[in-house]
Every structure is written in C-alpha cells, then in structure tokens.
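This report refers to the structure that appears directly beneath it.
The values are calculated or read from the model by the stated rules, or taken from the named source; none is laboratory data. No experiment lies behind these values; they were computed from the predicted model shown. Counting neighbours? That spans all protein chains shown, and the Cβs are built from the backbone with ideal geometry, glycine included. Accessible surface areas use protein heavy atoms only, side chains included; no ligands, DNA or RNA. Shrake-Rupley method; radii C 1.70, N 1.55, O 1.52, S 1.80 Å.
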Amino acid sequence: MSSWPTTTDELILEQKRLATLSFTCWEKPTKPFISAGVFVCYGRNVAGAGKKDDQGWASAVALFPGGSVKVFRVSGRATFDYIPGLLALRDGPLLEKAVLGLELRPEILFVNATSRDHPYRAGLALHLGYKLDVPTVGITRNPLIAEGSLPGIKRGNKSELRVGNETVAFWLRTQDNKAPLVVHPGYRLDGDSAIEVVLFYTEKYRTPEPLRLARKSARLYRAGVEDQAV
C-alpha cells in the first residue's frame, strides 16, 4: 500500500492524478450490508487554524445491519498544518489507521470531507476511499468551492452544487426544516447512489448514522472516556 504524500507538492500531484482516473460505479448489494463512518477531532480551545503536531483522536465505527457496532479508536499527532484543500496531509494517515483497525471492509464509508468539490477535484473523501478501495460518501456542512442554491425545506429536497459547469456535489435536506448537508459522491459513487445511502441513514438524525456515531466516539475518546460503546 502506498504511503500518504508528505509535502504539498506531492499531494497536489496525487490529487491531480486521482482526478483523471475512472472508477467502476458501486452497485448497491441486494442484501443488507455493513457501513462505516470515520471522524477525527482535535483539542478544543486552540486559537487559529490547526497546526502540525496537534493531538488528534480518530474513531471508525462499523454499523451492522442489525444495529450492532464495532469501534476502533486511534490517537496521534497531525502530520501537517490545516490548509483548505490539503486536508489529506493532516488527517489522511490517522483516518486510514482508524478504518483499518476495524479489520473488516465496509460496503460504504462516510467521511467528513469533500470529494470533487475541490480545487484539484480530489478531496480527502475520494482520496481515502481510493487508498482503502472502499466506496465513500463525503459529508460536510458547507461546500468548499462549489456554488449552488439551497434546496427546499422538506426531507429529500436537493440541489446541485457546481464548479463552473460541472456538478460536483449536492445540497441535501435530510430532515424537514433543518439545515441541509453537502453530499459529496466519493470513490466509486455517483450522485444518485450517494443521496440514496445518505437518506437511508438519516431517518432519525440529520447526520448519517455511521458518521454521527464516529463523531460521537471520537469526541468521547478526546474527553478521556475509554469505553468504546457509542
């Protein structure tokens, strides 16, 4: 398995390369499947943008069809400053360790990152999925560089987000009258499939359940709660 880029020049070259690749499109299994979410958080009350060597706490949570979960947590130091568009330098290695620690291959992985909504069309959600060879959906609160009007206020309402003439992501209302999320089709997922799985996992909460559980687990880990139950 190739290592993560360690310089901005290396990462940008890899992002540009990933943006040119074509991937076989994911086909939804006919039977219920394992999904997962992965999330990393850093120390609170840190002034300014994140810096190299910030302490990070990452958690990956696999969600099984019956509702049971498997959790793997790992902590480590950020390998780079926070720079928009170059998140893979900072978070990529820790997120990969967390997912690999589950010792299973989920059918879908939810990531708090962008995909084609990116200066080089290859954000961390796409990059991580490619490295793990796991289909990914990116979920963010706001677009990175894409633009588009907000959708209607009902669950399931959506609208396109574009960079130039290219549709790269979607606003999606996952709960009536709640703020929409940005859905980023990642590695091997098209827009329709990404929206379908996000709606499937947001029947109760605004955030897709695997990602919500991973975020909760990472924050508990940061707080010193060692019990991995989420």
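For Thr114, list long-range residues whose amide hydrogen, built 1.01 Å from N in the peptide plane, is under 5 Å from its own amide hydrogen.
Leu124, Ala125
By average Cβ neighbour count within 10 Å, what is the ranking of 65-78, 86-99, 198-211, 25-38 from highest down?
Ranked by mean Cβ neighbours within 10 Å, highest first: 86-99, 198-211, 25-38, 65-78.
Points 7 angstrom from Cα along the Cβ direction at Tyr205 and Ala19: gap in nanometres?
Modelled inter-label distance: 3.4 nm.
Among Ala62, Ala146, Ala179, determine the one that fluctuates most according to a GNM of the chain built with springs between C-alpha atoms less than 10 Å apart.
Checking each option, the largest mean-square fluctuation is seen for Ala179.
Using only the Cα atoms of region 131-194, build the gyration tensor, take square roots of its eigenvalues as a ≥ b ≥ c, and label the shape rounded, prolate or oblate: rounded if a/c is under 1.5, else prolate if a/b is larger than b/c, else oblate.
oblate
Could you pull out every residue, at least 5 positions away or on a different chain, whose amide H is within less than 5 Å of the one on Asp81? Hs are placed 1.01 Å off N in the peptide plane, and Pro or chain starts have none.
Sorted by chain and number, the residues that satisfy this are Lys52.
Take the chain, connect every pair of alpha-carbon atoms lying under 10 Å apart with a spring to form a Gaussian network, then pick out the residue of Ile139, Ile153, Ile108 with the largest mean-square fluctuation.
Maximum among the listed residues: Ile153.
Could you work out how much longer the chain between Ala223 and Lys52 gets when fully extended? Use 0.36 nm per residue separation minus the Cα distance between them, nm to one decimal.
Full extension from Ala223 to Lys52 adds 59.5 nm.
Where a ≥ b ≥ c are the square roots of the eigenvalues of the C-alpha gyration tensor, would you call region 23-155 rounded, which needs a/c under 1.5, or, failing that, prolate if a/b is larger than b/c, or oblate?
oblate
Given a Förster distance of 25 angstrom, what is the FRET efficiency for Lys178 paired with Glu27, based on the Cβ-Cβ distance and rounded to 0.05?
0.25
For Gly56, which sequence-distant residues (separation of 5 or more, or a different chain) have an amide H within less than 5 Å of its own amide H, given hydrogens modelled in the peptide plane?
Here Gly76, Arg77, Ala78 satisfy the definition.
From the backbone phi of region 30-38, what are the Karplus-calculated ³J(HN,Hα) couplings (6.51 cos²θ - 1.76 cosθ + 1.60, θ = phi - 60°) in whole Hz, Gly and Pro given as x?
With coefficients 6.51, -1.76 and 1.60, one gets 7, 10, x, 9, 7, 10, 8, x, 9 Hz.
What's the carbon and sulfur percent of the chain's accessible surface, probe 1.4 angstrom, rounded to a whole number?
On the chain, the fraction of accessible area on carbon and sulfur atoms equals 50 percent.
Helix-only estimate, please: 222 nm mean residue ellipticity of the chain, summing -39500 (n - 2.57) across DSSP H runs of length 4 or more and dividing by its residues, to the nearest 500.
-8000 deg cm²/dmol
Label-point separation (nm) for Leu150 and Thr6, each offset 7 Å from Cα along Cα-to-Cβ?
For Leu150 paired with Thr6, the spin-label model returns 4.5 nm.
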